[in-house]
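Asks: Got a structure here, written out as structure tokens. Questions coming.
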Amino acid sequence: MKRTAINELRGRRVWDSRGRPTVEAEVVLGNGAWGRAIAPAGASTGAGEAKDLRDGDAPFGGLGVRRAVANVNGPIRSALLTMDVRAQAAIDAKLIALDGTADKSRLGANALVAVSLACAQAAAAAARVPLWRHLAGERRIALPVPQIQIFGGGAHARGRVDIQDYLVVCPGAGSFAEALEWTAEVYAAAGARLAKKNALQGVADEGGYWPAFRSNEEGLVELVGAIADSGLKPGDDVAIALDIAATQLWRGGRYHLALENRALSADQMIAMLLRWTDAYPIVSIEDPFAETDHAAMQAFTRAAGARLQIVGDDYFVTDAARLRAGAERGACNAILLKPNQIGTLSETLAAWQAAQEAGYGAIVSARSGETEDVSIVHLAVGWGVPQLKVGSFSRSERMAKWNEGLRIEEALGTKALLYPAQRLFGRRRGQTPVDKS
Ligand code: 2PG
Ligand code: MG
């Protein structure tokens, strides 16, 4: 048996951060090196996403993964045994062909992504390097800018507020470690503010506070207040990013803000977001419009794309072809990269490459249902993706990933350079545009 050949592949059911079943895959090589990975799961999923295979019957609300695990232990195992684990593209091509569907629904994107990532982990283990180094080779490396949720809403907090994620980024931080320090202060300050006004209802699915706001805009006011309470400068030190997840609000041609008891047309929604962008230090907005509302996505990008990062999540679903089509029509200027949205590592990489070719920004992102698996941090660093979003600053499925970033920054030593956030967000209103060279 060749040292790097796949000698064993096992699938098993484990549990995610919402207490729901998910798929873990473990790959063992001829030389005994091994890799393991766990599929995450979304709650606000795009219609174009690859499909998890769920049992659909009795236990766990139909979310069981008996069939997906059986696919790992049956057909996927048979197809991959003896393959060289270093041939990630060939492995992923085999997985895609074996599944044979456009949306990975036969074997399940949850089965495929766990296996694909476990193979990458095993290949890194065989080379005796961490996954980020295995992916980067000798390329110069920098840590990504963290995007961290402070308040959670939408599908992650039973719709208590309409906006799904109120996040912070730290354009003024000099390192990954410093960005986390500032975020820790802002997170604590935000919790204290909510508790004081009796608006704290616990934490939402990604660890951000579950807030009892009276309007969606109140979240922006509180976030700016929390940044200032921390002794940091809103906008310069710490700025705001939003994920509207607007597909969730879209019914009958209007955007429904249930909290405010009103429904906006696309034009009214554009006007509201532009007003917010003028009034608050917002540098990035994700899924500002529904995944099918191309006209609004284009109009908003035309109106605000020069000063705002506009991110397609449900809109692009980590699909290189969708990204290219979006770039063609001038919609958004950045993409969210989630491996389980498309199913394999190689397809995720293709989406990142397509983004670079189109001059789009990119953010590697976790899902709302996560685990102790920290592979995505390694993907962001190893591929040189400039931003990373893994939810809030509490709960260990989130903190495991921030902590892994700290370890990588330490391993890089003096070579650790945060991607200059000023470069990413320098087009923000009031700032001199920064030369991209
Ligand atoms: C998103 C993600 C993570 P979900 O919309 O960006 O915040 O949520 O995993 O539920 O799709
Ligand atoms: Mg999103």
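Asks: Suppose R0 equals 56 Å; then what is the FRET efficiency for Ala47 and Glu178 from their Cβ-Cβ distance, rounded to the nearest 0.05?
Replies: Once the sixth-power term is evaluated, E becomes 0.90.
Asks: Amide H to amide H under 5 Å from Ile150: which residues, 5+ apart in sequence or cross-chain, H placed 1.01 Å off N in plane?
Replies: Tyr166, Leu167, Val168
Asks: If you count only protein heavy atoms with a 1.4 Å probe, what accessible area per residue comes out for the chain, rounded to a whole Å²?
Replies: Spelled out: the 1.4 Å probe surface of the chain, per residue, equals 37 Å².
Asks: Follow-up question, since we're still on this one. Assign unit charges at the C-beta atoms only (+1 for Lys and Arg, -1 for Asp and Glu), then state the dipole size of segment 6-128 relative to its Cα centre in Debye, rounded to the nearest 20.
Replies: That gives segment 6-128 a dipole magnitude of about 180 debye.
Asks: Any idea what the dipole of segment 285-367 comes to, in debye rounded to 20, about its Cα centre with Lys/Arg Cβ at +1 and Asp/Glu Cβ at -1?
Replies: Charge dipole, segment 285-367, about its Cα centre: 180 debye, nearest 20.
Asks: In nm, to one decimal, how far is the Arg20 label point from the Asp103 one, both placed 7 Å along Cα→Cβ?
Replies: 1.6 nm
Asks: Right, another one. Have a look at Ala109, Ala41, Ala188 and tell me which one the Gaussian network model of the chain (Cα, springs below 10 Å) gives the largest fluctuation.
Replies: Result: Ala188 has the largest fluctuation of those listed.
Asks: Can you run phi through the Karplus equation (6.51, -1.76, 1.60; θ = phi - 60°) for segment 251-257 and list ³J(HN,Hα) in whole Hz, with x for Gly and Pro?
Replies: These are the phi-based 3J(HN,Hα) values: 9, x, x, 9, 9, 8, 9 Hz.
Asks: Name the most mobile residue of Val65, Val374, Val14, meaning the one with the largest mean-square fluctuation, in a Gaussian network model of the chain with Cα contacts below 10 Å.
Replies: Of Val65, Val374, Val14, the most mobile in the Gaussian network model is Val14.
Asks: As a test, work out the antiparallel percent of DSSP beta bridges whose residues both lie in the chain, rounded to the nearest 5.
Replies: If I count the DSSP bridges inside the chain, around 55 percent turn out antiparallel.
Asks: Taking H placed 1.01 Å from N in the peptide plane, check which residues at least 5 places from Thr22 or on another chain put their amide H under 5 Å from its amide H.
Replies: Long-range HN contacts for Thr22: Val14, Trp15, Asp16.
Asks: Per-residue HN-Hα couplings for segment 360-367, Karplus 6.51 cos²θ - 1.76 cosθ + 1.60 at θ = phi - 60°, whole Hz, x for Gly and Pro?
Replies: Each residue of segment 360-367 in turn: 8, x, 8, 9, 6, 9, 6, 10 Hz.
Asks: Listed here are the pairs Lys196/Lys401; Lys196/Lys233; Lys2/Lys94; Lys197/Lys401; Lys94/Lys401; which of them are more than 27 Å apart at the Cα?
Replies: In this structure, Lys196/Lys401; Lys197/Lys401; Lys94/Lys401 exceed 27 Å between Cα atoms.
Asks: Next question. How far is helix 294-304 tilted off the main Cα axis of the chain, in degrees rounded to 10, range 0 to 90?
Replies: Tilt of helix 294-304: around 60 degrees.
Asks: So how do Ser375, Ser215 rank on accessible area, 1.4 Å probe, biggest first, that is with the largest at the start?
Replies: The most accessible residue leads, giving Ser215, Ser375.
Asks: Where the centroid of each part is defined by its Cα atoms, how far is segment 113-189 from segment 270-311 in Å?
Replies: About 23 Å separates the Cα centre of segment 113-189 from the one of segment 270-311.
Asks: In degrees between 0 and 90, to the nearest 10, how far off the longest principal axis of the chain does helix 345-358 point, with axes built from Cα atoms?
Replies: 40 degrees
Asks: Just how much of Arg254 is accessible, in Å², when a 1.4 Å probe is used and the result is rounded to the nearest 10?
Replies: About 90 Å², ignoring ligands and nucleic acids.
Asks: For Leu143, which sequence-distant residues (separation of 5 or more, or a different chain) have an amide H within less than 5 Å of its own amide H, given hydrogens modelled in the peptide plane?
Replies: Leu417, Leu418, Tyr419
Asks: Per-residue ellipticity at 222 nm for the chain, helices alone: DSSP H runs ≥ 4 residues times -39500 (n - 2.57), over residue total, nearest 500 deg cm²/dmol?
Replies: About -11500 deg cm²/dmol.
Asks: Within segment 167-183, which residues have the backbone N less than 14 Å from the label spot 7 Å out from Lys233 along Cα→beta-carbon, could you tell me?
Replies: 171-174
Asks: Cross-link candidates for Lys51: which lysines have Cα within less than 17 Å, leaving aside residues fewer than 8 places away along the same chain?
Replies: Cross-link targets: Lys104, Lys338.
Asks: Sticking with this structure for a sec: I'd like the distance separating the alpha-carbon centroids of segment 7-76 and segment 330-409, in whole Å.
Replies: 19 Å
Asks: Which FRET efficiency value, to the nearest 0.05, is calculated for Arg66 and Ala358 with the Förster distance at 51 angstrom and r the Cβ-Cβ distance?
Replies: Computed FRET efficiency for Arg66 and Ala358 comes out at 0.80.
Asks: Next up: Report the label-to-label distance for Lys94 and Asp55 in nanometres (one decimal), using points 7 Å from each Cα along the Cα→Cβ vector.
Replies: Taking the simple label geometry, Lys94 and Asp55 are separated by 2.9 nm.
Asks: Further question: Treat every Asp and Glu Cβ in segment 200-317 as -1 and every Lys and Arg Cβ as +1, leave all other atoms uncharged, and give the resulting dipole magnitude about the Cα centre to the nearest 20 debye.
Replies: 440 debye
The values are calculated or read from the model by the stated rules, or taken from the named source; none is laboratory data. What you see is a predicted model; the values in this text were computed from it and never measured. As a convention, Cβ positions derive from the backbone with ideal geometry for all residues, glycine included, and neighbour counts pool all protein chains shown. To get the accessible areas, we keep the full protein, side chains included, count just its heavy atoms, and leave off ligands, DNA and RNA. Shrake-Rupley method; radii C 1.70, N 1.55, O 1.52, S 1.80 Å.
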